[in-house]
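Have a look at the structure below, then the notes.
The values are calculated or read from the model by the stated rules, or taken from the named source; none is laboratory data. All of these numbers come straight from a predicted model, not from anything done at the bench. Don't worry about glycine lacking a Cβ; one is built from the backbone with ideal geometry, like all the others, and counts go over all protein chains shown. For accessibility, only protein heavy atoms count, side chains too; no ligands or nucleic acids. Shrake-Rupley method; radii C 1.70, N 1.55, O 1.52, S 1.80 Å.
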Amino acid sequence: MKLQDYLDVSKLTKKNAQLELDELARQIENANSAYHAGDDPILTDAEFDAKKRRVKAIETKFPDLRGLFSPDFQVGAPAASGFGKIPHAVRMMSLGNAFEDRDVSDFVRSICKYLGLAGADDLSFTAEPKIDGLSLSLRYEHGTLIHAATRGDGSVGENVTANALTISDIPREIENAPEVLEVRGEVYMSHADFAALNIRQEKHGAKLFANPRNAAAGSLRQLDPDITRARPLHFFAYSWGQLSSPIAETQFDAIKRLERFGFATNPLTRQCGTVAELIAHYRSIEGQRASLGYDIDGVVYKVDRLDLQERLGFRSTTPRWAIAHKFPAELAWTRLEGIDIQVGRTGALSPVARLQPVTVGGVVVSNATLHNEDYIRGFDSKGTSIRGGKDIRVGDWVQIYRAGDVIPKVADVDLGRRSQNTVEYDFPTKCPVCGSPALRADGDAVRRCTGGLICDAQAVEKLRHFVSRAAFDIEGMGAKQVEQFHADGWIKEPSDIFTLEDRFGRGMQQLKNREGWGEKSAKALFEAISKKRRVELGKLVFALGIRNVGEVASRDLALHFKVWDRLVEIVDLALLAAIAYRKADDAATRERIAAVQGSRRARISEVRKSALAEADVPKASQAAWDELVELDGLGPVLALSLCDALSNCEERAAIDRLIAHLTILSPEDPVADSRVSGKTVVFTGTLVRLKRAEAKKQAESLGAKVAGTVSKKTDILIAGEDAGSKAAKAAELGVKIMNEDSWLELIERG
DNA sequence: CAGCCTCGAGTTCC
DNA sequence: CTCGAGGCTG
């Protein structure tokens, strides 16, 4: 039969299509396994390819059958990004790190503290090797794999289903599974397979991979699943995301359960009852490291009981109930050839070491961060020594390691090999880009360029921040593109992005004549820009790049103020109070310095208080300032940054020009209704049944705002034992006061 | 006010 | 990923 006829699906009924898809899936799967097992191929490449194309043809005709097994899953996915995006139903977190035994006992101690346990006797843990690969989340519904997603930024991953299906450790169907089961684990490549792959790559004149991790990552992120199939990848399951029903009561049993579902799990997973046992297992794994046949970079410890894991919950990016105990970093000596200065978005001058290239932990390193001038000098501003007080000089032999196996840093300097004619590094006091003075604020570790937006470096960095993933995230407009557009004078400030198409009228013409741009990509870019004219308030605030106002603070501001105009109104109003606060704070700082010199006791808060009282700030302004400062997580420093940014004429004008192009969306309240949603609560005194942090987390998950101090805006004060001044103030203000038990009762009923 | 815990800002290499 | 520093807790 001709291929063309084989791909003709016009006469196919939906019912037959379903049956045929299943059959094709089976055949392709079998061919796949045979391929993996090294058996004789069941299908020729052409046959294999034809079957895949028929699947695609059928799925195009019956889109609702699409998905389960499409060898090219992202039919119709945007071509620019390559892979479709998949939001994770449950965020994929990273892990906190321990480097020394001490950190492990600290970890256990903090868990006990959080749970209110006197000792670790009742706790037990699992310990397993930390595989050095890339994490993958597999979603099964009714026992069938429906997609596989990379970690991405933790919230949204990339759809690599087609590639995951070529990995023999990943079953397509599992039995007796909950309706929804997301299995998480690590994709990796063995040492042997890595070596063989590089030999093949070399033979074909292709690029060699630096290490198995990169090889595995490169292989999984192939647009053509056939290439992935030819790369021998493996998968260890160690965790899970969304579950329609629990699969076990402990971490260890859950791993066993994953095994029964047909997943490979790491054979060195153990249960440990004490810190000593954890460390012993760590040493044992460390001893076997070289003979495992795959890369690991540490050992992961997790609280075994899942109910406790749930109680412990998560910090912003890491779970409280797990930690990665890392192996010591690899070290390498090389020569420091020079020191360059980079200028960041906030004007920070950051020194970067230019090194004679050296291999550290499987990667060739030629740059390393030097942090700031104190780090180079070997002493911080308080006179505490860094690296034993050894300064770093151009020409020195320096020892390099990759902090957390990622960021290259200087660990040590070999003074014995320092040549006579080296000189101490002279940190610039002028911005190397714009020549403005670079000043170091009192007590600040960084020196900053004072040029503001005059400084090209700052302008570019601000633009890069504006288009970054957590901000406007414009597809086709990454760091490289804004840099280029800025260099051409096409984009000077964020608002220029939205006039790019108009301003150049024939912008399309101009753009598509430029190298790397065609008509299609230019059109796609303008479309992508247009799409972002509707923007969520929090993203907008973050994108502005106001100092000290990051992703979290922006989101909190958005949740509180809901609309842009309201936020601006309050910040504008707060300006007078902000000025008064700064003056009072400066006075307090001067007082402190004088007090330290005169060995008197400093009473900073009182100096500040009295200075503020004298300032006589208008009531409305003070109220606005208080509203900002009393927001949970915000304080005077952030509030000052906000006021500064919005009261600066040029900056404000640029912002106004920008928002003229935008439709600003109010944030959706992330929490469903509960009895306490929207209420502001304050905890005080000693809580008996819950620890403070736990109570706070729980209240927030129910939509309540947790504040630190009682004010008129407080709805409920939860008073534990020995509640003091806060309870008195609440009574004075007529705020509702509850004890811990009635609070718990209230939220449990809700 | 000291000691956490988080967040923000800066960084490298693929 | 790490450092420094802001903000909160006790």
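Of all the residues that make up segment A:369-381, how many are among the aliphatic types (A, V, I, L, M) and near DNA strand B (Cβ under 6 Å from one of its atoms)? Here the count works out to 0.
Taken together, the residues in segment A:219-234 that are over 28 Å from the mean Cα position of the chain (by Cα) and surrounded by 15 or more Cβ atoms within 10 Å (Cβ to Cβ) amount to 4. All conditions in (1) open to solvent by less than 30 Å² (accessible area, probe 1.4 Å); (2) more than 16 Å from DNA strand B (Cβ to nearest atom) hold for A:Asn198, with the sole exception of (2).
Checked against the criterion of being more than 16 Å from DNA strand B (Cβ to nearest atom), part of a helix (DSSP H, G or I), open to solvent by 40 Å² or more (accessible area, probe 1.4 Å) and at pLDDT 90 or above, segment A:656-670 has at least one qualifying residue. Anything in segment A:394-442 that is surrounded by fewer than 16 Cβ atoms within 10 Å (Cβ to Cβ), assigned to a loop (DSSP other than H, G, I, E, B) and within 16 Å of DNA strand C (Cβ to nearest atom)? List them, or say none. Those that are surrounded by fewer than 16 Cβ atoms within 10 Å (Cβ to Cβ), assigned to a loop (DSSP other than H, G, I, E, B) and within 16 Å of DNA strand C (Cβ to nearest atom): A:Gly404, A:Val406, A:Ala441, A:Asp442.
Scanning segment A:418-457 for residues that are of a type in the set (S, T, N, Q) and more than 20 Å from A:Ile376 (Cβ to Cβ) returns A:Ser436, A:Thr450.
The residues of segment A:112-164 that are within 16 Å of DNA strand B (Cβ to nearest atom), in contact with a strand residue (DSSP E or B) (Cβ under 9 Å, 6 or more places away or on another chain) and among the basic types (Lys, Arg) amount to a single one, A:Arg151.
Per-residue answers, yes or no, for (1) within 28 Å of A:Arg91 (Cα to Cα); (2) open to solvent by less than 30 Å² (accessible area, probe 1.4 Å); (3) of a type outside the set (Lys, Arg):
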| position | (1), (2), (3) |
| --- | --- |
| A:Ala217 | yes, yes, yes |
| A:Phe236 | yes, yes, yes |
| A:Ser244 | yes, no, yes |
| A:Ile279 | no, yes, yes |
| A:Ile285 | no, yes, yes |
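Each residue in segment A:360-393 was checked for being within 15 Å of A:Glu337 (Cα to Cα) and open to solvent by 60 Å² or more (accessible area, probe 1.4 Å), and 1 pass.
Which one of these is more than 12 Å from DNA strand B (Cβ to nearest atom), of a type in the set (A, V, I, L, M, F, W, C) and in the same structural domain as A:Leu634 (by TED's automatic domain parsing): A:Ala584, A:Ala543? Result: A:Ala584 is the single residue among A:Ala584, A:Ala543 that is more than 12 Å from DNA strand B (Cβ to nearest atom), of a type in the set (A, V, I, L, M, F, W, C) and in the same structural domain as A:Leu634 (by TED's automatic domain parsing). A:Gly293 meets the conditions (1) assigned to a loop (DSSP other than H, G, I, E, B); (2) within 8 Å of DNA strand B (Cβ to nearest atom) in every case but one. The failed one is (2). A:Lys713 satisfies every condition listed in (1) under 30 Å from A:Leu544 (Cβ atoms); (2) within 16 Å of DNA strand C (Cβ to nearest atom); (3) at pLDDT 70 or above; (4) not in a helix (DSSP H, G or I) except (3).
Based on what the data block shows, is A:Phe485 modelled with pLDDT of 85 or more, open to solvent by less than 30 Å² (accessible area, probe 1.4 Å), over 30 Å from A:Ala639 (Cβ atoms) and not assigned by TED's automatic domain parsing to the domain that holds A:Leu646? Spelling it out, A:Phe485 is indeed modelled with pLDDT of 85 or more, open to solvent by less than 30 Å² (accessible area, probe 1.4 Å), over 30 Å from A:Ala639 (Cβ atoms) and not assigned by TED's automatic domain parsing to the domain that holds A:Leu646.
What number of residues within segment A:313-326 are out of contact with any helix residue (DSSP H, G or I) (no Cβ under 6 Å at 6 or more places or on another chain) and either in a loop (DSSP other than H, G, I, E, B) or surrounded by 16 or more Cβ atoms within 10 Å (Cβ to Cβ) (or both)?
8
The condition (being away from DNA strand C (no atom under 16 Å from the Cβ) and at pLDDT 95 or above) is satisfied by just one residue among A:Arg305, A:Arg270: A:Arg270.
Residues in segment A:324-347 that are over 27 Å from the mean Cα position of the chain (by Cα) and β-branched (Val, Ile, Thr) were compared, and the one that is nearest to DNA strand C (Cβ to nearest atom) is A:Ile339.
Would a scan of segment A:689-696 turn up a residue that is more than 8 Å from DNA strand C (Cβ to nearest atom), modelled with pLDDT of 70 or more and outside any loop (DSSP other than H, G, I, E, B)? Yes, segment A:689-696 contains a residue that is more than 8 Å from DNA strand C (Cβ to nearest atom), modelled with pLDDT of 70 or more and outside any loop (DSSP other than H, G, I, E, B). Just one of the listed residues (A:Ile296, A:Ile285) is more than 15 Å from DNA strand C (Cβ to nearest atom), touching a Pro at 6+ places or on another chain (Cβ under 7 Å), farther than 10 Å from A:Gly96 by Cα and assigned by TED's automatic domain parsing to the domain that holds A:Leu268, and it is A:Ile285. The set of residues from segment A:348-367 being within 18 Å of A:Ala445 (Cβ to Cβ) and of a type outside the set (Ser, Thr, Tyr) comprises A:Ala348, A:Leu349, A:Pro351, A:Val352, A:Ala353.
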